[in-house]
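Novice: One structure, as structure tokens, below. Some questions next.
The values are calculated or read from the model by the stated rules, or taken from the named source; none is laboratory data. What you see is a predicted model, and the numbers here were worked out from it, not measured in a lab. Cβ placement follows ideal geometry from the backbone for every residue including glycine, while neighbour counts extend to all protein chains displayed. For accessibility, only protein heavy atoms count, side chains too; no ligands or nucleic acids. Shrake-Rupley method; radii C 1.70, N 1.55, O 1.52, S 1.80 Å.
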Amino acid sequence: MKKLPFIRSQFFSLMVAVCFANQSHSSDVTDNEGPDTTGEESVEHVSVLGSPVGNLSLKEESTTSNRLGLSAMEMPATIEIVDAEVMRARGYTKLSDSLTSLPGVVTGDQPSAPSTFSMRGFSRGQITVLRDGLWIGPSTMVMRPQNTFNLERVEILRGPASVLNGIGSVAGTVNAITKSASADMEPGTNLQIGYGSYETSHFGLGSQGDLNEDLWYTLDLSRHESDGYVDRTDSESNNFTGSLLWQARDNLSFKFSADYLKDDVGSYYGTPLIPAADARNPLDIVSTDRGEVIDGSMRDRNYNVADAYAKSDQLFLRIDSKWQINTDMRLEHTLFSFDADRGWQNAEGYVYCTEVVGTCTEYGEVQRYYGYFILDHEQEVLGNRLTLNINSDLAGIESRSVFGIESTDLDFVRSRGFRRSIEQVGADGVDPYHPDPGFYGARELRGVSPTEITTTALYFGNALQLSDKWSLVTGARREELQLDRENYNAEGQSEGTGFSRDYNWTSWRIGSVYRLTEDVVAYAQYSNAKDPVSSNIFLVSSNQNFDLTDAAQAEVGLKAIWLQGTAESTLAFYRIDRDDILERFSLDSVTNVGGRQSEGVEVSTSFMLTDDWRLGANAAYTDAVFKRSANFDRFAGNTAPNIPKVTANLFTSVDNVANTPLEIGASVHYIDDRYGDNPNSVVLKAYSLANVFAAYRADNYRITARIDNLFDEDYASWSDVFYLHQDSPGFIYANQLMLGAPRSARLVLDYQF
């Protein structure tokens with residue numbers, strides 16, 4: 001696909017904005033009225049203070065939920081914000097850590113799809129992950145375990161959000177927002193050094209400030225590395241982010257941002273299930289209809305090859321311009337590019353042989369023959385967003401409106417290969433207790449699949465203040481997507497399973513907020529979503545050439561700031577219905593499994609009980625089942641995998657212990673029973689994790705010692721349905737589960753200068 005006309009058109013629109021801005025005079029915006037001319041608040045990024053409890057940030061603006069400048073309190077939706085100070089105080093090192101602490105969220109860290117999540121009864125590609133508010137592809141294909149040191153905050157919007165972000169926004173949206181320059185920001189430098197169990201180390205160095213009266217910058221560099229809690233699972237992540245803000249005029253600014261990530265997420269793909277009678281140390285963490293268990297004696301064994309990797313190299317560049325036309329009108333433009341190379345080489349499927357059949361040559365060995373898999377991604381994305389905000393007064397009714405146009409041009413090439421004709425050798429089977437890893441050996445290419453996706457979207461949002469107490473929030477989005485998918489075999493010949501198709505759909509939402517008191521609001525909203533596919537648009541082929549799928553959510557709730565501002569609470573009830581769900585059932589395809597229905601309740605609260613004692617808690621109840629649809633009813637009535645009925649979190653901390661600058665705290669994380677597969681034949685049992693910490697703080701540094709999983713609880717953290725009970729005699733591929741981290745300790749220094 002030719003890129004030059006696309007790039008030229010985007011720079012043309014940027015230059016038009018600049019030319020018009022030069023015709024405006026700064027007197028259109030005074031120092032004492034109207035919105036901030038940069039469109040941003042001044043934020044101090046480098047404070048080493050902060051409580052691990054935090055608050056619910058109800059008064060803060062959330063760009064993930066709206067582009068109207070509304071706070072979380074003003075939006076008829078569930079919005080959660082985890083800022084940098086809370087992430088630092090809780091010791092979170094990657095994005096998935098931040099989400100684990102939220103109600104109803106379960107995270108998975110399998111190398112094949114790093115940092116996938118379940119939320120509100122859905123998981124994986126049905127949750128959109130954004131980088132600084134921009135979509136770059138399905139989370140199961142492009143997501144990486146991003147370092148939190150480079151993040152300013154993580155924002156989560158629950159429920160369908162196609163009206164804002166288009167494709168894939170069914171159960172929620174996760175937006176990782178990097179540190180970024182803002183006008184008049186406080187200068188400073190922050191250093192973070194950490195070391196802990198399993199040779200785990202963290203390093204972060206960040207600087208921000210001004211270069212002159214019109215130029216501000218941020219630079220942040222982080223590195224995380226670990227030997228891992230399973231043998232030979234070394235991982236590392238290096239992330240550089242930087243931004244430069246130029247205030248060209250009082251009403252015109254330009255910002256350049258860069259985000260570079262290079263990582264290898266490790267090679268642990270799970271621990272095989274074995275018959276209970278064969279286990280030396282059976283762990284009571286899973287039950288199956290076959291009587292299988294996880295053997296504690298295999299707990300830290302890695303069955304991957306010695307030369308395994310799961311790495312990426314990616315660069316995100318963007319230019320943002322903001323023109324404050326007058327006090328009530330603002331034009332913003334974003335032009336971005338994203339380039340990524342990702343590669344996997346692993347023996348990633350393991351089956352404990354219970355009979356000599358197929359590729360199993362010996363009882364009790366762990367067979368890997370069909371589990372050898374190579375995968376390479378080459379991805380390029382060019383994108384453009386132009387928005388116009390207008391604030392007005394309509395017959396005495398305050399109105400905020402946003403009009404926008406977006407376009408993206410995405411090229412994605414997926415090359416994959418697995419054992420098909422290479423002769424089986426003895427090294428493909430390994431001893432379950434003393435595995436000799438061996439090496440990957442010959443690479444057999446299966447095929448190459450280029451995918452081109454071009455999208456164009458128009459959207460509109462509005463907030464009407466109908467009275468002092470009542471507001472109405474609406475939005476609509478018209479999306480057009482052109483998909484071209486080809487599949488070639490190893491010889492470069494077309495397999496005839498590609499296709500081209502154009503999709504057009506409209507998404508919308510409507511909601512209302514009613515202020516019961518100054519600090520207590522009730523809200524209700526209805527939103528819908530449409531997608532070409534709900535699993536992974538990068539995998540769909542001609543035999544999955546389905547029409548648009550539908551999803552709709554109804555939600556009501558309460559938000560409150562009480563106890564004279566020392567407590568915040570939220571309560572939400574929701575129901576989501578979705579038809580024609582596509583789930584992954586093989587290495588290269590997805591299959592229709594009918595519809596899905598989810599309903600539940602979520603509650604969160606945060607207290608400052610005294611000046612020094614904080615308490616935070618949240619919980620969620622989720623009832624999610626597959627349902628019959630017009631096309632399919634195979635799993636109707638079953639509960640979807642990785643969806644617990646109940647989750648809960650509790651955080652507490654006490655500062656100034658014994659009149660010293662010492663803070664101590666603890667947290668408890670609870671996950672209820674979950675099913676591991678669609679037939680509901682495997683149960684991942686409930687678990688609770690306790691974490692404790694102590695922090696010594698001074699004016700410009702903080703030393704924190706913490707222990708995670710204090711009681712060293714064993715648990716299964718995540719299940720991928722294609723790695724579970726895929727062991728029929730004709731295709732002995734995988735039968736394994738991911739196990740969570742055991743007890744670990746670490747010491748972290750945060751220093752500001």
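Novice: Could you figure out which of (1) modelled with pLDDT of 95 or more; (2) open to solvent by 60 Å² or more (accessible area, probe 1.4 Å) isn't true of Thr474?
Specialist: Every condition holds for Thr474 apart from (2).
Novice: Name the single residue, out of those in region 315-329 being in a strand (DSSP E or B) and over 30 Å from the mean Cα position of the chain (by Cα), that is surrounded by the most Cβ atoms within 10 Å (Cβ to Cβ).
Specialist: Selected residue: Gln324.
Novice: Mind checking which residues of region 173-200 are assigned to a loop (DSSP other than H, G, I, E, B), small (Gly, Ala, Ser) and under 25 Å from Ile81 (Cα atoms)?
Specialist: Listed by number, the residues that qualify are Ser180, Ala181, Ser182, Ala183.
Novice: If you don't mind, there's one more thing I want to ask. Output the residues belonging to region 77-95 that are open to solvent by less than 10 Å² (accessible area, probe 1.4 Å) and either free of Cβ contacts under 8 Å to residues at least 24 places away in the same chain or under 13 Å from Thr704 (Cβ atoms) (or both).
Specialist: Selection gives Met87, Ala89.
Novice: Also: Considering only residues that are within 27 Å of Thr107 (Cα to Cα) and either of a type in the set (Val, Ile, Thr) or buried (at least 22 other Cβ atoms within 10 Å of the Cβ) (or both), which ones fall in region 696-705?
Specialist: Once the filter is applied, which keeps residues that are within 27 Å of Thr107 (Cα to Cα) and either of a type in the set (Val, Ile, Thr) or buried (at least 22 other Cβ atoms within 10 Å of the Cβ) (or both), region 696-705 yields only Thr704.
Novice: Could you list, ordered by first residue, the pairs with Cβ atoms under 8 Å in which the first is in region 324-340 and over 23 Å from Gln314 (Cα atoms) and the second is loosely packed, with under 15 Cβ neighbours inside 10 Å and of a type in the set (D, E, K, R), at least 6 apart or interchain?
Specialist: Thr327/Glu33
Novice: Kindly provide the set of residues from region 330-348 that are crowded, with 17+ Cβ neighbours inside 10 Å and either among the acidic types (Asp, Glu) or more than 25 Å from the chain's Cα centre (by Cα) (or both), ordered by number.
Specialist: Hits for region 330-348 are Arg330, Leu331, Glu332, Ala347, Glu348.
Novice: Still on this structure: Restricting region 202-211 to residues that are over 23 Å from the mean Cα position of the chain (by Cα) and without any contact (Cβ under 8 Å) to a residue 40 or more places away in the chain, which is farthest from Asp750 (Cα to Cα)?
Specialist: By that ranking, first place goes to Leu211.
Novice: Follow-up. The conditions are (1) open to solvent by 30 Å² or more (accessible area, probe 1.4 Å); (2) at pLDDT 95 or above, and Phe585 fails exactly one of them. Which is it?
Specialist: Answer for Phe585: the failing condition is (2).
Novice: Let me ask another. Suppose we filter region 595-654 for residues that are within 18 Å of Ile81 (Cα to Cα) and among the charged types (D, E, K, R); how many remain?
Specialist: Adding up the residues that qualify gives 2.
Novice: Then there is this: Cβ-Cβ under 6 Å, sequence separation 6+ or interchain: first residue in region 483-495 and touching a residue at least 40 places away in the same chain (Cβ under 8 Å), partner assigned to a strand (DSSP E or B) and surrounded by fewer than 16 Cβ atoms within 10 Å (Cβ to Cβ). Which pairs?
Specialist: Cβ pairs passing all conditions: Leu483/Arg501; Tyr488/Ser494; Glu495/Asn489.
Novice: Examine region 724-734 for a residue that is of a type in the set (A, V, I, L, M) and open to solvent by 10 Å² or more (accessible area, probe 1.4 Å), and state whether such a residue exists.
Specialist: No, every residue in region 724-734 fails to be of a type in the set (A, V, I, L, M) and open to solvent by 10 Å² or more (accessible area, probe 1.4 Å).
Novice: Given the residues Val682, Val668, Val654, which is the only one that is surrounded by 15 or more Cβ atoms within 10 Å (Cβ to Cβ), under 15 Å from Asp612 (Cβ atoms) and not basic (Lys, Arg)? Quick ask: steps written out before the conclusion?
Specialist: Values: Val682 fails: under 15 Å from Asp612 (Cβ atoms); Val668 fails: under 15 Å from Asp612 (Cβ atoms).
Matching residue, one of Val682, Val668, Val654: Val654.
Novice: Further, regarding this structure: Working only within region 220-257, note down all residues that are under 19 Å from Asn190 (Cβ atoms), open to solvent by less than 70 Å² (accessible area, probe 1.4 Å) and under 22 Å from the mean Cα position of the chain (by Cα).
Specialist: Asp220, Ser222, His224, Ser237, Asn238, Asn239, Thr241, Gly242, Ser257 - these are the residues of region 220-257 that are under 19 Å from Asn190 (Cβ atoms), open to solvent by less than 70 Å² (accessible area, probe 1.4 Å) and under 22 Å from the mean Cα position of the chain (by Cα).
Novice: May I pose another question? Return the residues of region 498-525 that are closer than 19 Å to Asp411 by Cβ and surrounded by 16 or more Cβ atoms within 10 Å (Cβ to Cβ); say none if nothing qualifies.
Specialist: Gly498, Phe499, Tyr503
Novice: May I ask you to list the residues in region 144-159 that are part of a loop (DSSP other than H, G, I, E, B) and either open to solvent by 10 Å² or more (accessible area, probe 1.4 Å) or under 17 Å from Thr334 (Cβ atoms) (or both)?
Specialist: Once the filter is applied, which keeps residues that are part of a loop (DSSP other than H, G, I, E, B) and either open to solvent by 10 Å² or more (accessible area, probe 1.4 Å) or under 17 Å from Thr334 (Cβ atoms) (or both), region 144-159 yields Pro145, Gln146.
Novice: Starting from region 631-660, take each residue that is within 18 Å of Asp577 (Cβ to Cβ) and list its partners that are among the charged types (D, E, K, R), counting only C-beta distances under 7 angstrom and pairs at least six apart or across chains.
Specialist: Close Cβ pairs satisfying both conditions: Asn631/Asp580; Ala636/Lys627; Ala636/Arg628; Ala640/Arg596; Ile643/Arg674.
Novice: Moving on to the next point. Counting residues that are of a type outside the set (Val, Ile, Thr), which strands (runs of 3 or more DSSP E) fully inside region 667-753 reach at least 3?
Specialist: Details: elements: 682-684, 687-697, 701-708, 716-718, 726-728, 731-734, 736-739, 744-752.
Answer list for region 667-753: 687-697, 701-708, 716-718, 726-728, 731-734, 736-739, 744-752.
Novice: Only residues in region 535-564 that are over 22 Å from Arg485 (Cα atoms) and at pLDDT 90 or above count as the first member; pair them with residues that are open to solvent by 20 Å² or more (accessible area, probe 1.4 Å) and in a loop (DSSP other than H, G, I, E, B), Cβ under 6 angstrom, at least 6 apart or cross-chain, and list the lot.
Specialist: Sorted first by the residue in region 535-564, then by its partner, the pairs are Ile561/Asp519.
For (1) open to solvent by 20 Å² or more (accessible area, probe 1.4 Å); (2) of a type in the set (Ser, Thr, Tyr); (3) in contact (Cβ under 8 Å) with a residue 24 or more places away in the chain; (4) touching a helix residue (DSSP H, G or I) at 6+ places or on another chain (Cβ under 7 Å), each residue gets a yes or a no:
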{"position": "Pro275", "(1), (2), (3), (4)": "yes, no, yes, no"}
{"position": "Asp278", "(1), (2), (3), (4)": "yes, no, yes, no"}
{"position": "Pro282", "(1), (2), (3), (4)": "yes, no, no, yes"}
{"position": "Ser287", "(1), (2), (3), (4)": "yes, yes, yes, no"}
{"position": "Ile294", "(1), (2), (3), (4)": "no, no, yes, no"}
{"position": "Ser297", "(1), (2), (3), (4)": "yes, yes, yes, no"}
{"position": "Asp307", "(1), (2), (3), (4)": "yes, no, yes, no"}
{"position": "Asp313", "(1), (2), (3), (4)": "yes, no, yes, no"}
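One line per residue, one yes/no per condition, for (1) part of a strand (DSSP E or B); (2) in contact (Cβ under 8 Å) with a residue 60 or more places away in the chain; (3) of a type in the set (A, V, I, L, M, F, W, C):
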residue	(1), (2), (3)
Asn346	yes, yes, no
Thr361	no, yes, no
Gly364	no, yes, no
Leu382	yes, yes, yes
Asn391	yes, yes, no
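Novice: Go through (1) surrounded by 15 or more Cβ atoms within 10 Å (Cβ to Cβ); (2) not in a strand (DSSP E or B) one by one and return the number of the condition Ala457 breaks.
Specialist: (2)
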